[in-house]
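Data block below; observations after.
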Amino acid sequence: WQWLLVTMLSVCVHFPGLTESVIAAACSRVGQSVLHLDRRNYYAGNWASFTFNGLLSWIEEYKQKVQITESEQVWRSLIDEGEDVVPLSSVDSSISNLEVFCYARLALILLTTNTNEEHEVSEPEEEQHTSDISEPSQSQEEKDSQPISSPADPPVEVEKKITYQKLVKEGRRFNIDLVSKLMYSRGALVDLLIKSNVSRYAEFKNIGHILTCRNGKVEQVPCSRADVFASKQLTVVEKRMLMKFLTFCLDFEQHPEEYQDYTEKPFREFLKNKKLTENLQDFVLHSIAMVTQQTLTEEGLKATQHFLRCLGRYGNTPFLFPLYGLGEIPQCFCRMCAVFGGIYCLRHSVQCLVVDKASNKVKAVIDTRGQKISCSHFVVEDSYIRDEQRQSTAYRQISRAVLITDRSVLPSESDQQISLVTIPPLESSAPAVRMVELCSSSMTCMPGTYLVHLTCSSSGTAQEDLAPVVSELFHVSTIPGEEPSEVLWVMYFNMRDTSALDSSSYSLPSNVHVCTGPDGSLGSDCSIKLAESVFHHILPDEEFCPPAPNPEDIIYDGDGPQAEGPGFDESVNTEAEEEGAAHEKNPSTEPAEMDSVADTTPSSEE
Amino acid sequence: MHGRVKVKSTAQQEEEKRKEREKKLKAFVSARDAVLRKRSAGEHDEEALQLTQQLLSSNPDFATLWNYRREVLLQLETSREKDEVQKLYESELHFIEACLKVNPKSYGCWHHRSWVNTRLPQPDWTRELGLCDRCLSLDERNFHCWDYRRVVVKESGVSVEQELQFTDRLIGSNFSNYSSWHYRSTLLPQLHPQPAPDSASNTSPSPTASPQIHSHRVCEEQLLKEYELAHNAFFTDPNDQSAWFYYRWLLGRAEREEMISCVYVSRERERVSVAFSKPVHAQSEGLMLVLDGQPQQVEWRSTHPRLRHSPVWLCDLPPGSVSDISNEHNLTVHWTEKYTHRDCALYTGCAESWCRDSATDQELFRSELSVEKSSVLQAELQSCNQLLELEPQNKWCLLTIILLMRALDPLGHEKETLAHFQTLKEVDPMRSSYYSDLCSKFLIENTILKMEYAEVRVFSLSNKNLTTLCHLDQLLLVTHINLSSNQLLRLPPQFAMLQCLEVLEADDNAIESLEGLYHLPKLEEVSLRNNQICKLSDLESLASCTKLTRLDLRGNPVHKTANIDSELSQLLPLVTALSL
C-alpha cells in the first residue's frame, strides 16, 4: 500500500455503480488519478450481474446482514488539527423484502419417482447435491411449496423438467442482474458508449419482440412500420390512425396547435381526442410511451418520440441489451478507467471522510484498514450516506422479481428472442409492470431456460406487487399433481430508488458527490446525465468522455513519430498494401454497403 | 498536462496514411502490369490466378481481370479430374464471396459467379440462395442480387410457392420494396392463374407451369387476398408508392384484343380508311383488301407521314371501281396475321359507308382497370374512400379513386372525378400537367361516349381546360368538331385521322402548330381565332386540305407578318373567306 501514501489522488470513487463508473472513467480519461474502492467482492453494487450461485450467496449475505462494529480508535489518531470527520454508513439497506421460492424439482425426488433406470445413471452427480438442498430454502412459503413431489406425477413429464440441481450445476451460465433495464438505441447510454469508444468492450443483442398483456393474453405491440403493416389485430383504419399519430409524435414540436390545449391534461385524454381506439390508446400509453394514466400530454409525447426515434437504428425495436447482462456496462467503464490509470480495490471500504474545517471540503478519506488517503473529490453512492447527513429521505421503492422459467411467454418461430412485455395495471391505481424476458443467447441463462425480470414502482412489497402478475402470465403450480410449473425459481425483492434526490438532499461538503442508485425507468439516461453533471462539477473545463484513441495512435515514451517511420514501413505486408491502393484508385468501390451496416459502433447481434 | 495519454496529431496521422497510400498504389500498379504482361504472353497458370485474385480482391470491378481469370480456369479445367474441377470452382465461389463484401454491386463479380455455377460439376444451389438472402437482408434493393437470384431459382427449380413465401417475408420486413412486390406479380399468375373463360374445369393451377403460356391474370379468390395485403400497406403508409403500383396492377386488365375496329369507305374519294384497336404498321401486317370478291392491289399509307405506327390507315381504290353511285359494293379487309377481318357494304345511292364497333359496346375506356366484377371494384372504391376521409390530401389515393370510378361508371362519376383532379393538382403541383393531360383524356373519352349514345357525328368539347388531344382514332367519322376555349398548344399529327372532318372550331386556345391539319379531304372551314400561330410556315400543311375555303385567323401573331395577305393567297389559293 506504499503508493497510497505517496499519491495525491484527484478523485476517489466509492461503490462503483453505473454512474460512479462513468464518472471514474471520464475523470481517468482526461488524466485525473482515480482510486476506486468497494467494500464488496464484486463490481457494480446494485448494478451487478450474478451467476446463479453468486446470487444465492448474495441472498445469503442479505439474510445474515452482519453489523460491523466500528473501531473509532483506529482513525481517531489520524485526524489532525483543523480537521473534522464525517463517518460513512457501513450497512447497505437499499434492498428489502427479499423472498425466494423454488419450484424446480429436486433430483432426489425425481429419482424416486422416476422408474427409468437409465436416467438415474446419467445424472449421478445430482444425488450428491441433494445434501445441500436446504440451502436456498429461505422462507416459510418456500418450504410449503417444496413438497411438490408426488408419485402421481407422470414420470415422462418429470423427466423433461430442469431440476434445481441442474440450475445450480449450470449456475455459471446465468448472469442475473439486480437492475432490469434495456438500452434505448438513441439513449444517452448508447450515445456515450459510441462517443467514448467504450462500446468496444461489450457486445449487444437487439430486443426482438415488444409485447403487451391484455385480458390475460400476450400479444405483439405494433410499434414499427413493419409491425403495423403485418399486424392481424388492427383494422386498416386503426393502422392508419396509429401511423398518423406516431408520425405526428416524431416531430410533435413542429405542430404545437395539435396539442397545446392538452398541455395541462393527461396524455390519455389527448389520445382519446386524437380518435385512437381503446386498443390503440393502450398500446401507445403502456407499451410505446410507457407512461402512467396521470402523465401529462407533453411528457407522453416526448416519451413516444424518444421510443420512435430509437426504432430502426439497430433493428425493428428501439432497444439493445448487453450480452452477459447489464452488469457488463459499469465494468466496461471500469475497464476504460483502468486503461487510463484508474486503480481498483475490492473488499476495501472507506470508514469516514476527513473534512478541512476551514474550507469545509473533504481533503482525505480513511479506509477500513486505517489508512488516510488524500483526495480532492469524493464520489459516493447514496446508500453509504448516514441519516445524519440527509436533509430529506424522500425516496421511493422499486419492486423487482426475477424468474427462471423453461418456456417463453410468447412462443414464436425463433426461441432466441429477447422480449419486452408491458403489463398495464390491473386496477388503474396500481403501477404498470414491465417484464423483460431474456433468452439463453443473451448469455444470461442456461440453454432451455429464460430469465425473466419484472419491475414496477412499489406500492407494497415486491411480492404483493408482482405475484399477481406472475400467476397471470405463468403456470405456477403449488398443488401436488398439477401440471408442472413453467416457473422454476422466483426471487422477489424491493430496491430503494433514490433517483429523486439531488445535492440539496444532503448536508455534505461541496466536493462530496453523491450518486443516486438505479432508478425504476427502462433506460439509463438518468444515471448518465447525473454522471455528466458530476463530472462537469469536478472538472468544469474538460470534455466528458472524449473518444479513446486507437492503440496504434498512442505515443509511448521515447517513441517519437520520426523514429517510428522506417521500422513501420518495412513491416507492412504486401497483400494489405495492394488492398488499400485499390481503394484509393477506385473511391467508388470503397463504401461497400455490407460494411456500412456494421459501421455503427455497438455491434448488435441478431 | 501530467498523466495524459499522448496521441498522434491529425497531421502525423495524415502523413502516415499518405505514405501508406503511395506504397499501396505502387504495389497495385506493378501487380496490374505483371498480370497484363502474362496475359499477352498467353500464360494460363496458377500464378495468373493468384495475381488476379490479389488485384480483384481489392478492386472487384476490373472486368479484364475477370475475363483473364475465366480463360485461365477453362485452361486448367482441361487438365484436371472432375473432383479437382469441383474444388477449383468452389474455391472460386469462395473468392467471389469475399469480393462481394468489398463491393456488393459489382457487375463483374455477379456475372462471374453465374459463370462459375455453369462450370461447376455439382452446383450447390441452396448455398447460392443463402448468399442471396444474406445480400438482400443487407440491401433489399440490390438489383444485381435480384437478377442473380432469378438465375439461381430457375436453375435449382425452387417451387413457386416457396418463392411467394419469400416475397411474403421480404414485404413483411419492409413493404417499401418494389422489387418484392413486382416479383410477387410475376409469381401469382403462375400459382393462382385465372381460370380460362372457355374451359374452367380443366385448368387446375399447376405451380410449375411456365408463366409465358398463361395470361398474367390471377384468380378472383387470390386477388381478394392480395387486395387486403395492399390495403394493409397503403393504410399503414399511404405515401409509399410500391403498394399503390402493385394495387393498380391487381386491378388492371389484360390488353385489349387486337382487331379491326372500323372500316370506312368514301365513294367520291375512292378511298378506304381502316382503324385498328392499337397502332400498327400496316405494310408489314399482312393486310388484304377484297372488293366484291376480288383481292385488290392497294397501297396502304398512314394518315400522316410522321406516324409510322398508326391506328388508322388509308388506301386508294383503283380509279372507277366504286365511283358509280348506282352500284352496291362489298368490301372486306383481312388482317391475315391476326386471323381477323371486317366487312363493309357500300349500298346503292350512298356516298359513304362504314362498319365499326362502338366505343360504348367495347367498354373501351375502362380498360385501365378490370370490370370483371363490379361488386369487387365497388368494395375497393369504398376502401379507398375510407382512406381518403383520413387522408384527404393523399395523391395516390385520389388517383386510384379516379381510376376506380372510371372503371365503374365514367359518366356517372364525372363530376366527382373532376373535383378530385382539382385536388390532385393542388396537392401535387409538380405533376399538375400530368393530371391535366389525364383529365383531358378522360373528358375526351366521356365526350366520345356521349356522342355515341346520341348517335351523332358532332364532337363538342369546348371550355373544359383540355391540354392535350387523344383517342383521335375514335373520331374517324366525326364531321364537326368544336375545341374552343381550351388550353391546347397544337393539333398533333394524329389529328389527320379525322378523315371525315368538315368543320373545325378551335378558337381561344394557345395553338402554335397545325401539323395535324394534313390531307383532310373534306375539311372546308377552320376557325382558329385567338391562338398562337406566328409564322406563315405554320400554315403550310393547310395547303394539303383541298376543300378548305373558309379560314379564320383573327387574333394570331401571324397577322403581323409583312405582306401576309398576298403570301396567304399564294399559299392557300382556294381559301375564299379569309379573316385576319
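Tell me which residues, restricted to segment A:212-240, are over 14 Å from A:Val284 (Cα atoms), away from chain B (no Cβ under 13 Å) and in a loop (DSSP other than H, G, I, E, B). Selection gives A:Asn215, A:Gly216.
In the set (1) within 14 Å of another protein chain (Cβ to nearest Cβ); (2) over 21 Å from B:Leu55 (Cβ atoms); (3) surrounded by fewer than 16 Cβ atoms within 10 Å (Cβ to Cβ), B:Thr126 fails one condition alone, (1). Scanning segment A:199-241 for residues that are under 30 Å from A:Glu427 (Cβ atoms) and among the aliphatic types (A, V, I, L, M) yields A:Ile207, A:Ile210, A:Leu211, A:Val218, A:Val221, A:Val228, A:Leu234, A:Met241. The requirement of being part of a loop (DSSP other than H, G, I, E, B), small (Gly, Ala, Ser) and outside the structural domain of A:Gly520 (by TED's automatic domain parsing) is fulfilled nowhere in segment A:188-197; no residue meets it. When residues in segment B:22-35 are screened for being in contact (Cβ under 8 Å) with a residue 12 or more places away in the chain and not β-branched (Val, Ile, Thr), 4 of them pass. Considering segment B:305-339, the residues that are β-branched (Val, Ile, Thr) and touching a residue at least 60 places away in the same chain (Cβ under 8 Å) include one that is surrounded by the fewest Cβ atoms within 10 Å (Cβ to Cβ), namely B:Val333. Looking at the structure I just gave you, is B:Gln13 in a helix (DSSP H, G or I), touching an Asp or Glu at 6+ places or on another chain (Cβ under 8 Å) and over 27 Å from B:Glu97 (Cβ atoms)? So B:Gln13 passes the test. Would you confirm whether or not segment B:20-40 contains a residue that is more than 27 Å from B:Leu138 (Cβ to Cβ), of a type in the set (S, T, N, Q), out of contact with any Asp or Glu (no Cβ under 8 Å at 6 or more places or on another chain) and within 14 Å of chain A (Cβ to nearest Cβ)? There is at least one residue in segment B:20-40 that is more than 27 Å from B:Leu138 (Cβ to Cβ), of a type in the set (S, T, N, Q), out of contact with any Asp or Glu (no Cβ under 8 Å at 6 or more places or on another chain) and within 14 Å of chain A (Cβ to nearest Cβ).
Results for (1) crowded, with 20+ Cβ neighbours inside 10 Å; (2) over 48 Å from the mean Cα position of the chain (by Cα), shown as yes or no for each residue.
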position: B:Lys23; (1), (2): no, yes
position: B:Phe28; (1), (2): yes, no
position: B:Asp33; (1), (2): no, no
position: B:Arg37; (1), (2): no, yes
position: B:Glu46; (1), (2): no, yes
position: B:Asn59; (1), (2): yes, no
position: B:Trp66; (1), (2): yes, no
position: B:Arg69; (1), (2): yes, no
position: B:Ser79; (1), (2): no, yes
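Taking the criterion of being assigned to a helix (DSSP H, G or I), within 14 Å of chain B (Cβ to nearest Cβ) and surrounded by fewer than 20 Cβ atoms within 10 Å (Cβ to Cβ), the residues of segment A:246-279 that qualify are A:Thr247, A:Phe248, A:Leu250. Every condition in (1) of a type outside the set (Phe, Trp, Tyr); (2) touching a residue at least 24 places away in the same chain (Cβ under 8 Å); (3) within 14 Å of chain A (Cβ to nearest Cβ); (4) part of a helix (DSSP H, G or I) is met by B:Arg134 except one, and the failing one is (2). Counting the residues of segment B:93-121 that are more than 12 Å from every other protein chain (Cβ to nearest Cβ), surrounded by 21 or more Cβ atoms within 10 Å (Cβ to Cβ) and not hydrophobic (A, V, I, L, M, F, W, C) gives 2. Scanning segment A:180-190 for residues that are among the small types (Gly, Ala, Ser), surrounded by 24 or more Cβ atoms within 10 Å (Cβ to Cβ) and in contact with a Cys (Cβ under 6 Å, 6 or more places away or on another chain) turns up at least one hit.
In segment A:570-583, is there at least one residue being at pLDDT below 50, outside the structural domain of A:Val379 (by TED's automatic domain parsing), of a type outside the set (Lys, Arg) and within 30 Å of A:Gly208 (Cβ to Cβ)? Scanning segment A:570-583 turns up no residue that is at pLDDT below 50, outside the structural domain of A:Val379 (by TED's automatic domain parsing), of a type outside the set (Lys, Arg) and within 30 Å of A:Gly208 (Cβ to Cβ). Of the residues making up segment B:66-78, none is among the aromatic types (Phe, Trp, Tyr), more than 30 Å from A:Pro551 (Cβ to Cβ), facing chain A (nearest Cβ under 9 Å) and in contact (Cβ under 8 Å) with a residue 24 or more places away in the chain.
Per the conditions (1) touching a residue at least 40 places away in the same chain (Cβ under 8 Å); (2) not in a helix (DSSP H, G or I), the sole criterion not satisfied by A:Val291 is (1). Could you check, for segment A:196-211, whether at least one of its residues is modelled with pLDDT of 90 or more and more than 30 Å from A:Val22 (Cα to Cα)? Scanning segment A:196-211, I find at least one residue that is modelled with pLDDT of 90 or more and more than 30 Å from A:Val22 (Cα to Cα), so the answer is yes.
The values are calculated or read from the model by the stated rules, or taken from the named source; none is laboratory data. As the structure is a computational prediction, the values presented were derived from the model and not from experiment. Cβ: placed from backbone, ideal geometry, glycine included. Neighbour counts: every protein chain shown.
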